[in-house]
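What follows is one structure encoded as structure tokens, with my remarks underneath.
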Amino acid sequence: MSLRIVVTVKYVPDATGDRHFADDLTVDRDDVDGLLSELDEYAVEQALQIAENSDDDVEVTVLTVGPEDAKDALRKALSMGADKAIHVEDDDLHGTDAIGTSLVLAKAVEKAGYDLVVSGMASTDGTMGVVPALLAERLGVPQVTLLSEVNVEDGKVTGRRDGDAASEQLEASLPAVVSVTDQSGEARYPSFKGIMAAKKKPVESWDLSDLDIDEDEVGLENAYTTVESASERPARTAGTIVKDEGEGGKQLAEFLASQKFI
Amino acid sequence: MAEVLVYVDHVDGAVRKPTLELLTLARRVGEPVAVALGNGAGDTVATLAEHGAIKVLTHEAAEYADYLVVPKVDALQAAHQAVSPAAVLVSSSAEGKEIAARLALRLGSGIITDAVDLEAGDEGPVATQSVFAASYTTKSRVSKGTPVITVKPNSAAVEAAPAAGAVESLSVTFSEQATGTKVTGRTPRESTGRPELTEAAIVVSGGRGVNGAENFSIIEALADSLGAAVGASRAAVDAGWYPHTNQVGQTGKSVSPQLYIANGISGAIQHRAGMQTSKTIVAVNKDAEAPIFELVDFGVVGDLFDVVPQLTEEIKTRKG
Ligand SMILES: Cc1cc2nc3c(=O)[nH]c(=O)nc-3n(C[C@H](O)[C@H](O)[C@H](O)COP(=O)(O)OP(=O)(O)OC[C@H]3O[C@@H](n4cnc5c(N)ncnc54)[C@H](O)[C@@H]3O)c2cc1C
Ligand SMILES: Cc1cc2nc3c(=O)[nH]c(=O)nc-3n(C[C@H](O)[C@H](O)[C@H](O)COP(=O)(O)OP(=O)(O)OC[C@H]3O[C@@H](n4cnc5c(N)ncnc54)[C@H](O)[C@@H]3O)c2cc1C
């Protein structure tokens with residue numbers, strides 16, 4: 001038996017950099033370094049663990065939809081241990097929103113062939129946390145998302161989803177779409193050997209025509225949502241800072257009382 | 001006036017506060033029609049009517065608890081068909097966002113997540129989002145289909161606005177996908193007796209500076225003196241000092257209370273992402289250079305083991 005895993009990974013602007021918007025109100029990618037979304041490292045890690053713990057012949061493919069530089073994200077995932085990579089890149093994709101992105105990802109996943117899709121819990125830039133659910137809807141397969149623990153065995157995926165009100169145990173048959181949280185287990189660092197090996201691993205490039213997607217189905221012009229304005233939040237006005245000389249707690253209480261919290 | 005669908009988040013009939021906030025926002029763009037599903041759906045009606053629901057569509061079925069997300073999407077789709085609303089509003093829980101996204105896709109609509117405000121506009125509702133760890137504010141709208149918008153808790157006031165609340169039972173045919181992901185077990189969270197983190201008016205958080213699980217009793221005592229919820233940084237959670245459900249930040253809960261008190265927390269960007277929209281921010285940290293002080297309305301540079309117990313005592317004294 002063989003098991004084909006596709007891991008979706010996003011290339012994002014570094015959250016610790018000075019992120020801002022370009023003139024067309026899309027994310028400015030020129031002034032901030034980009035990287036593999038840290039939360040997608042957990043997805044790569046779980047895919048690799050599933051592969052390592054399986055008796056089947058497992059192939060792990062990493063998939064990204066993004067600009068030229070998004071190759072960096074793929075290379076990082078390959079150096080962690082993924083087998084091959086697919087980069088969907090097309091100028092017409094600029095400004096695509098969540099609905100459009102899920103279309104491109106779904107078509108690419110189908111073209112690649114899959115038994116299991118593993119995604120991150122959310123990207124670190126858009127942070128919507130909806131793409132895995134959208135992918136499951138588009139592919140017509142079970143959605144087994146936000147897992148802090150995941151297991152694949154005998155054509156089934158099981159896992160634990162820690163919700164607001166309860167912790168749930170989930171089960172579904174493959175093929176399925178899974179997303180994993182940052183509680184699922186630390187992601188490995190690429191080893192030197194891994195980094196060297198990654199250079200020889202195949203990276204395929206697909207554009208919209210490879211996926212039979214019309215240019216009027218994606219992109220900023222055809223998005224399902226429109227950003228009307230983006231403004232930098234004014235810096236918070238500097239607050240009062242006191243040094244504790246034995247009365248710090250009381251001074252803080254005085255402030256809270258003045259603001260009617262006590 | 002057009003109708004607006006509001007998805008009801010409830011636990012066995014007890015309506016959660018973010019749903020009442022949605023009703024406030026829904027009334028700005030139309031007439032709220034609530035959709036309550038699952039066990040206890042019928043018990044939500046009085047509360048929803050009191051807060052502005054002109055109609056409540058209810059449906060009870062075991063599927064809502066036994067399978068993940070999709071049965072609820074099927075029901076909302078049926079409600080959409082019955083009502084032809086001007087917008088669909090859902091609260092921004094992890095599940096709420098997934099339900100909303102799949103619904104939007106089925107309706108051929110766009111989706112906006114994590115709105116912090118909503119107003120009527122010429123071309124449909126305009127949502128305000130707070131993005132890039134709250135360093136930017138954007139205004140967006142859905143440009144295709146019925147707008148589907150999820151709204152963060154604490155984004156609007158709960159307002160009494162008595163309305164008819166006419167009950168109608170919704171007829172739902174579950175799709176083939178509905179039973180795809182089975183919930184085989186459920187362990188409810190133990191109640192702490194404290195307010196829900198995302199709904200609380202005051203949140204008191206502890207970070208690595210708290211230095212041990214046992215010391216969180218200091219943070220809890222302060223929280224209890226104010227009737228607050230307790231939060232924690234990821235460093236404190238990763239160390240095993242406090243449960244992950246209480247984590248505030250990018251990969252934890254996003255909170256927007258009236259007052260946020262950060263104790264022994266440095267203020268990393270990922271933590272700020274979850275608390276920066278709080279109305280008033282206060283911090284106790286022994287390092288005067290900690291980035292959290294850039295956000296505060298009032299800060300104390302000092303050892304939390306001195307400052308926090310003194311603060312708790314003073315609050316108790318003042319409250320009598
Ligand atoms: C600040 C900001 C706000 C936005 N708000 C909206 C909005 O309200 N509505 C809207 O429709 N769009 C919005 N977008 C656009 C949206 O972020 C992108 O279209 C994005 O590709 C999908 O959403 P996400 O990044 O939030 O993904 P999430 O749903 O958070 O991502 C979850 C997982 O899906 C996978 N994934 C997501 N994108 C990709 C990709 N490009 N390649 C490979 N895997 C991927 C990853 O595994 C990721 O961990 C916003 C973007 C930004 C920067
Ligand atoms: C993808 C990703 C997601 C993340 N998600 C989150 C998230 O959701 N939430 C989150 O919080 N973090 C998150 N993080 C981690 C984040 O980057 C920080 O590491 C974390 O917030 C640090 O927690 P801290 O402030 O408690 O610890 P530290 O940064 O170590 O700060 C401890 C502070 O306590 C002070 N202190 C120490 N002792 C005392 C004392 N006795 N009295 C007073 N002050 C004292 C110190 O001066 C210091 O400022 C994420 C990181 C990544 C990469």
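The values are calculated or read from the model by the stated rules, or taken from the named source; none is laboratory data. Fair warning: this is a prediction, and the values are worked out from it, not measured in the lab. Don't worry about glycine lacking a Cβ; one is built from the backbone with ideal geometry, like all the others, and counts go over all protein chains shown.
The table below lists the values:
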| item | result |
| --- | --- |
| Strands (runs of 3 or more DSSP E) wholly inside region B:213-285 that include at least 3 residues being away from ligand 1 (no atom under 16 Å from the Cβ) and more than 9 Å from every other protein chain (Cβ to nearest Cβ) | B:229-232, B:259-263 |
| Count - residues of region A:117-127 that are surrounded by fewer than 24 Cβ atoms within 10 Å (Cβ to Cβ) and more than 15 Å from ligand 2 (Cβ to nearest atom) | 0 |
| Residue check for A:Val44: of a type in the set (A, V, I, L, M, F, W, C), within 16 Å of ligand 2 (Cβ to nearest atom) and buried (at least 21 other Cβ atoms within 10 Å of the Cβ) | yes |
| Failed condition for A:Ala122, given (1) touching a strand residue (DSSP E or B) at 6+ places or on another chain (Cβ under 8 Å); (2) within 17 Å of A:Ser179 (Cβ to Cβ) | (1) |
| Test for B:Leu118: is it of a type outside the set (Asp, Glu) and over 23 Å from A:Pro234 (Cα atoms) | no |
| Residue identified as crowded, with 19+ Cβ neighbours inside 10 Å and more than 12 Å from ligand 2 (Cβ to nearest atom) among B:Ala232, B:Ala228 | B:Ala228 |
| Criterion (away from ligand 1 (no atom under 15 Å from the Cβ), facing chain B (nearest Cβ under 9 Å) and either farther than 17 Å from A:Asp72 by Cα or not polar (S, T, N, Q) (or both)) met by exactly one of A:Ser231, A:Ser173 | A:Ser173 |
| Top-ranked residue in region A:87-133 [being under 13 Å from the mean Cα position of the chain (by Cα) and in a helix (DSSP H, G or I); ranked as farthest from A:His20 (Cα to Cα)] | A:Ala133 |
| Failed criterion for B:Glu123 (all others in (1) more than 9 Å from every other protein chain (Cβ to nearest Cβ); (2) part of a loop (DSSP other than H, G, I, E, B); (3) among the charged types (D, E, K, R) hold) | (1) |
| Residue pairs meeting the criteria (Cβ under 7 Å; at least 6 apart or on separate chains; first closer than 19 Å to A:Ala70 by Cβ and hydroxyl-bearing (Ser, Thr, Tyr), in region A:1-30; second more than 16 Å from ligand 2 (Cβ to nearest atom) and assigned to a loop (DSSP other than H, G, I, E, B)) | A:Tyr11/A:Gly66; A:Thr26/A:His94; A:Thr26/A:Gly95; A:Thr26/A:Leu220 |
| Selected residue (criterion: farthest from the other protein chains (Cβ to nearest Cβ)) from residues of region B:299-320 that are within 15 Å of ligand 2 (Cβ to nearest atom) and not in a helix (DSSP H, G or I) | B:Asp303 |
| Yes/no for A:Ser37 being within 16 Å of ligand 2 (Cβ to nearest atom), within 14 Å of chain B (Cβ to nearest Cβ), within 22 Å of A:Ala223 (Cβ to Cβ) and of a type in the set (Ser, Thr, Tyr) | yes |
| Sole residue being within 9 Å of chain A (Cβ to nearest Cβ) and closer than 17 Å to B:Val8 by Cα, chosen from B:Ala94, B:Ala160, B:Ala166 | B:Ala94 |
| Filter result for A:Glu215 (more than 19 Å from A:Glu59 (Cα to Cα) and within 14 Å of another protein chain (Cβ to nearest Cβ)) | no |
| Lone unmet requirement of (1) modelled with pLDDT of 95 or more; (2) at the interface with another protein chain (Cβ under 7 Å from one of its Cβ atoms); (3) touching a His at 6+ places or on another chain (Cβ under 9 Å) for A:Lys250 | (3) |
| Single unsatisfied condition, A:Glu89 versus (1) surrounded by fewer than 20 Cβ atoms within 10 Å (Cβ to Cβ); (2) out of contact with any strand residue (DSSP E or B) (no Cβ under 8 Å at 6 or more places or on another chain) | (2) |
| Number of positions in region A:172-203 that are farther than 28 Å from A:Gly155 by Cα and out of contact with any helix residue (DSSP H, G or I) (no Cβ under 7 Å at 6 or more places or on another chain) | 8 |
| Failed item, numbered, when B:Asn154 is tested on (1) buried (at least 19 other Cβ atoms within 10 Å of the Cβ); (2) in contact (Cβ under 8 Å) with a residue 24 or more places away in the chain; (3) not in a loop (DSSP other than H, G, I, E, B) | (3) |
| Checking B:Arg16 against (1) within 11 Å of another protein chain (Cβ to nearest Cβ); (2) surrounded by fewer than 23 Cβ atoms within 10 Å (Cβ to Cβ); (3) more than 20 Å from B:Val158 (Cβ to Cβ), the condition it does not meet | (3) |
| Identity of the residue in region B:186-203, more than 11 Å from chain A (Cβ to nearest Cβ) and among the β-branched types (Val, Ile, Thr), that ends up farthest from B:Val308 (Cα to Cα) | B:Thr192 |
| Residue in region A:114-135 that is more than 10 Å from chain B (Cβ to nearest Cβ) and farther than 17 Å from A:Val9 by Cβ present | yes |
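This table checks each residue for (1) more than 8 Å from ligand 1 (Cβ to nearest atom); (2) in contact with a His (Cβ under 9 Å, 6 or more places away or on another chain); (3) touching a residue at least 12 places away in the same chain (Cβ under 8 Å); (4) within 22 Å of A:Ser205 (Cβ to Cβ).
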{"site": "A:Val109", "(1), (2), (3), (4)": "yes, no, yes, yes"}
{"site": "A:Gly113", "(1), (2), (3), (4)": "yes, no, yes, yes"}
{"site": "A:Val117", "(1), (2), (3), (4)": "yes, no, yes, yes"}
{"site": "A:Ala122", "(1), (2), (3), (4)": "no, no, yes, no"}
{"site": "A:Val131", "(1), (2), (3), (4)": "no, no, yes, yes"}
{"site": "A:Leu134", "(1), (2), (3), (4)": "no, no, yes, no"}
{"site": "A:Val144", "(1), (2), (3), (4)": "yes, no, yes, no"}
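This table checks each residue for (1) farther than 30 Å from B:Ala78 by Cβ; (2) at pLDDT below 95; (3) in contact with a Phe, Trp or Tyr (Cβ under 8 Å, 6 or more places away or on another chain).
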site: B:Val172; (1), (2), (3): no, no, no
site: B:Lys182; (1), (2), (3): no, no, yes
site: B:Arg194; (1), (2), (3): yes, no, no
site: B:Ala201; (1), (2), (3): yes, no, no
site: B:Gly207; (1), (2), (3): yes, no, no
site: B:Gly212; (1), (2), (3): yes, no, yes
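Condition check ((1) modelled with pLDDT under 95; (2) surrounded by 15 or more Cβ atoms within 10 Å (Cβ to Cβ); (3) more than 30 Å from B:Val307 (Cβ to Cβ)) across all residues:
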position: A:Thr181; (1), (2), (3): no, yes, yes
position: A:Pro190; (1), (2), (3): no, yes, yes
position: A:Lys201; (1), (2), (3): no, yes, yes
position: A:Trp206; (1), (2), (3): no, yes, yes
position: A:Ala235; (1), (2), (3): yes, no, no
position: A:Ala238; (1), (2), (3): yes, no, no
position: A:Glu245; (1), (2), (3): no, no, no
